[in-house]
Amino acid sequence: MANVLVIGASGQIGKQATVKLLDAGHKVVAPVRSPDKLSDIQNANLTVVEQDLEQDFSAHFEGVDVAVFTAGSGGSTGADKTLMIDLWAARNAVNYAKAAGTPKFVMVSSIGADDPDAVESAIKPYLVAKHMADEHLINSGLHHVILRPGTLLNEPGTHLVRTDMPSNRDDAVIPREDVATAIVESVARESNADLITYLFKGDTPISHIF
């Protein structure tokens, strides 16, 4: 059992990951802007705290075994919120984790974050933010797992993935539930080696990746 800080627990991936982490017996602290979004989760191991990620949230890292960053500004916001949440809040979370001596940091990133210039996309500001956040984590010295899922789908997970880039762009997709499962596997991962991995629909059990 681990003490897990889930930053972004009220999001589509974060909420599923929170439930899965609790089901696996972990304790979860969830700092969220709107605590009511988690009111349907009744579990003694869940601590929900009202928190704006644009403010100082360093206090939540005390006693944390694994920090998970799966927060996002959302597709309906502008580049300003992308900058403040997907980049700056992620950067701050890394700094807070390092200052607190957090043993592991799990970052939910994105396909394309490795090289935003290689993709002609309307979401390039988002990819740039993810890239810079990932680089900050990589250079921080923290033990880390960086997940780079493909296009996210709202459908049941299969618990099966591939980590190599599909030749057909239409195959570069993954259910959000499988990303949530990958977060849980990242938390439980025993290896001390850092890991950066793509996640797409495939035929390999998620547990085998970690």
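Quick notes on this one:
- Put simply, of A24, A59, A90, A100 the only residue that is hydrophobic (A, V, I, L, M, F, W, C), in contact with an Asp or Glu (Cβ under 9 Å, 6 or more places away or on another chain), open to solvent by 50 Å² or more (accessible area, probe 1.4 Å) and modelled with pLDDT of 95 or more is A100.
- Test result for A67, touching a Gly at 6+ places or on another chain (Cβ under 9 Å) and open to solvent by less than 10 Å² (accessible area, probe 1.4 Å): no
- Given (1) part of a helix (DSSP H, G or I); (2) open to solvent by 30 Å² or more (accessible area, probe 1.4 Å); (3) at pLDDT 95 or above, number of the condition D170 does not satisfy: (3)
- Scanning region 126-137 for residues that are in contact (Cβ under 8 Å) with a residue 12 or more places away in the chain and either in contact with a Pro (Cβ under 7 Å, 6 or more places away or on another chain) or farther than 16 Å from A71 by Cβ (or both) gives L127, V128, H131.
- For region 27-56, filtered to residues that are part of a strand (DSSP E or B) and hydrophobic (A, V, I, L, M, F, W, C), the residue that is surrounded by the fewest Cβ atoms within 10 Å (Cβ to Cβ) is V49.
- Matching residues in region 103-113 - criterion: being more than 15 Å from D86 (Cα to Cα) and either buried (at least 18 other Cβ atoms within 10 Å of the Cβ) or among the aromatic types (F, W, Y) (or both): K104, F105
- Some residue of region 178-196 being out of contact with any Cys (no Cβ under 9 Å at 6 or more places or on another chain), open to solvent by 50 Å² or more (accessible area, probe 1.4 Å) and assigned to a helix (DSSP H, G or I): yes
- Region 157-169 residues that are within 20 Å of K20 (Cβ to Cβ), paired with ones that are among the acidic types (D, E) and surrounded by fewer than 16 Cβ atoms within 10 Å (Cβ to Cβ) (beta carbon under 8 Å, 6 or more apart): L160/D203
- Applying the criterion of being aliphatic (A, V, I, L, M) and modelled with pLDDT of 95 or more to the residues of region 128-142, the residue that is surrounded by the fewest Cβ atoms within 10 Å (Cβ to Cβ) is I138.
- Flag for A180 being under 15 Å from the mean Cα position of the chain (by Cα), modelled with pLDDT of 95 or more and of a type in the set (G, A, S): yes
- Flag for G14 being of a type in the set (G, A, S) and not in a helix (DSSP H, G or I): no
- Only one of V119, V145 that is more than 16 Å from T204 (Cα to Cα), among the β-branched types (V, I, T) and modelled with pLDDT of 95 or more: V145
The values are calculated or read from the model by the stated rules, or taken from the named source; none is laboratory data. Please read all numbers here as calculations on a predicted model, not as lab measurements. Positions of Cβ are backbone-derived with ideal geometry, glycine not excepted, and every protein chain shown enters the neighbour counts. SASA here: full protein model, heavy atoms, side chains in, ligands and nucleic acids out. Shrake-Rupley method; radii C 1.70, N 1.55, O 1.52, S 1.80 Å.
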